[in-house]
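Engineer: One structure coming up, written as structure tokens, with questions to follow.
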Amino acid sequence: MIKLMYRGGAANLQLLAEEIRESPELDRYCTIEVTHRETQSSSLHHGQLAEIAISVAAGVVTNGLYDAIRDLIDRARDRGSVEPIEPIENENGE
């Protein structure tokens, strides 16, 4: 599996996960997991942080599929901060 991981605001990443699930071409080949993270700041300015892991079944990654994921990530970045926390990787270490 190929995995993309990002960190950002929990609400924003939850919306990104919903957008991926609502896309028939992405929902068919991707699994999404959103994990909420504790923040050390008690300021209301900083919302709750989360991480999203988008896993794509090996052998189905095409330019079109990857572009569709990147477009949704770009839209999420327009809404707020979304930062990669790991490069694209193969879970088999390749």
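Engineer: Please compute the net charge surrounding L26, taking Lys and Arg as +1 and Asp and Glu as -1 over other residues with Cβ under 14 Å from its Cβ. Please list the in-between numbers first.
Structural biologist: On the way: positive: R21, R28, R70, R75; negative: E18, E19, E22, E25, D27, D67, D71.
Overall, the nearby charge balance is -3.
Engineer: Amide H of S81: which non-local residues (sequence gap of 5 or more, or other chain) have their own amide H closer than 5 Å, using H built in the peptide plane?
Structural biologist: G9
Engineer: Right, another one. Modelled label-to-label distance, R70 and E38, 7 Å Cα→beta-carbon offset: nm?
Structural biologist: In this crude label model, R70 to E38 measures out at 3.7 nm.
Since every read-out is calculated from the coordinates, none of them should be taken as a lab result. Here the structure is a predicted model, which means the values were calculated and not measured. With ideal geometry, Cβ positions are generated from the backbone for all residues, glycine too; neighbour counts draw on all protein chains shown.
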